[in-house]
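Everything below concerns the one structure shown next.
The values are calculated or read from the model by the stated rules, or taken from the named source; none is laboratory data. Being a predicted model, the structure only gives us computed values, none of them experimental. Virtual Cβ from ideal backbone geometry, glycine too; neighbours counted across all protein chains shown.
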Amino acid sequence: MKKLALKLGTWGAVLGMLAGVVELSIGTHIRPWIGDKENPVVLGIVTLFLSGMAFVSMTIASKQDALTNDGKLAIFLGVLLPAAICFTTVGRLWYLPGILLIVSVLFLAFEFWMNSQARDVPVSSERTRKMIAAIGSLVILLSIGLSFWKSAFGLFQVEIPVRVDRVRLEILPMDLVRRTALTNGAMLIENIESSQVMGVYILLIVGAVLALIASLTSSRLFTGIGGGIVLIGLLLFLIWLPSILLQAQYTLGYPSLLKSLGWGWYLSATSTVMVLSGVFPKFDSKSIVFCKNSDTK
């Protein structure tokens with residue numbers, strides 16, 4: 001499985017670099033394919049750089065048979081982060097390389113997990129802690145993935161009555177504030193790019209990926225850091241929400257805004273609690289008795 005993962009990852013990185021070259025060279029002529037980006041040259045260079053980082057990570061993984069926990073974290077981040085971020089830089093051209101890289105990382109995650117299980121068998125409480133953190137991280141990533149296809153999994157969704165018509169506002173990955181005017185059965189859609197929304201989603205993805213990798217490699221420190229990054233992203237979204245919606249010419253007080261948070265925000269918040277709860281060790285009665293005995297001595 002490792003050989004297949006390395007092949008898929010290498011091909012995904014090569015196709016990603018090709019997509020970056022296409023974007024920076026003829027991106028202005030194929031705007032629908034690159035998500036109607038305004039700066040295709042700059043984003044093409046970013047795509048090329050991130051794809052190169054994924055290629056280097058795959059090369060290192062293929063040449064190293066025994067990897068430390070830090071090495072596993074570096075490879076995961078070096079492949080999965082470009083795979084996720086480049087969906088926002090090169091649009092449809094990233095579908096194939098992005099999917100190849102994500103599948104490659106999933107195969108590597110399974111391979112590393114099986115190897116760690118074969119080397120040592122942790123106690124049941126430790127294994128449960130790791131599973132809780134891993135499941136919480138996967139739920140965050142899954143909710144973000146589902147929001148690409150179903151807007152209800154986005155971070156925010158509200159419908160505003162305007163006379164006899166309605167206006168729907170949605171906040172979607174990776175950087176969209178979508179304004180939909182529903183007039184006499186017709187739909188007029190306007191997509192507004194927001195750097196604040198992109199920043200929030202990057203924090204959610206980076207934190208969830210880091211927590212997932214750290215839980216698989218039994219790194220309690222990095223699991224907590226990943227959960228903390230997700231928490232910061234969720235809190236920043238609440239702080240930035242009025243200014244984000246102002247870009248779509250919409251203002252509302254916080255009580256009404258909080259009622260309109262999407263499933264994605266609540267799923268991510270619940271999963272963050274799962275990740276952070278898996279960081280702290282479980283103290284039982286035996287450990288407490290041991291501490292009391294040591295104090296008496």
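For segment 214-233, filtering for residues that are out of contact with any Gly (no Cβ under 8 Å at 6 or more places or on another chain) and crowded, with 22+ Cβ neighbours inside 10 Å leaves 2. Comparison of S194, S215, S243, S219 shows that the only residue that is closer than 16 Å to M174 by Cα and of a type in the set (S, T, Y) is S194. Among the conditions (1) modelled with pLDDT of 85 or more; (2) out of contact with any Leu (no Cβ under 7 Å at 6 or more places or on another chain), R163 misses just one, which is (1). Listed by position, the helices (runs of 4 or more DSSP H) enclosed by segment 1-98 that each have at least 3 residues that are at pLDDT 90 or above and surrounded by fewer than 21 Cβ atoms within 10 Å (Cβ to Cβ) are 2-26, 40-63. Looking only at residues in segment 201-213 that are closer than 23 Å to T89 by Cβ and more than 10 Å from the chain's Cα centre (by Cα), the one that is surrounded by the fewest Cβ atoms within 10 Å (Cβ to Cβ) is L212.
For A269, state whether it is under 29 Å from R127 (Cα atoms) and either at pLDDT below 85 or not β-branched (V, I, T) (or both). So A269 fits the description; yes.
Out of the residues in segment 131-156 that are out of contact with any Leu (no Cβ under 9 Å at 6 or more places or on another chain) and under 17 Å from F222 (Cα atoms), which is modelled with the lowest pLDDT? This residue is M131. If the condition is being at pLDDT 50 or above and surrounded by fewer than 17 Cβ atoms within 10 Å (Cβ to Cβ), then segment 272-294 contributes V273, S277, F280, P281, K282, N293. Answer yes if at least one residue in segment 204-223 is among the charged types (D, E, K, R) and farther than 23 Å from F148 by Cα, and no otherwise. The answer is yes; a qualifying residue exists.
Would you confirm whether or not segment 7-18 contains a residue that is among the β-branched types (V, I, T) and under 23 Å from I225 (Cβ atoms)? For segment 7-18, residues among the β-branched types (V, I, T) and under 23 Å from I225 (Cβ atoms): absent.
Contact map, segment 220-246: residues that are touching a residue at least 12 places away in the same chain (Cβ under 8 Å) paired with residues that are of a type in the set (V, I, T) and not in a helix (DSSP H, G or I), Cβ distance under 6 Å, separation 6+ or inter-chain. Pairs shown: R220/V279; T223/V279; G224/V279. From the list L8, L4, L48, the one residue that fits, being under 16 Å from R92 (Cα atoms), assigned by TED's automatic domain parsing to the domain that holds W94 and out of contact with any strand residue (DSSP E or B) (no Cβ under 9 Å at 6 or more places or on another chain), is L48.
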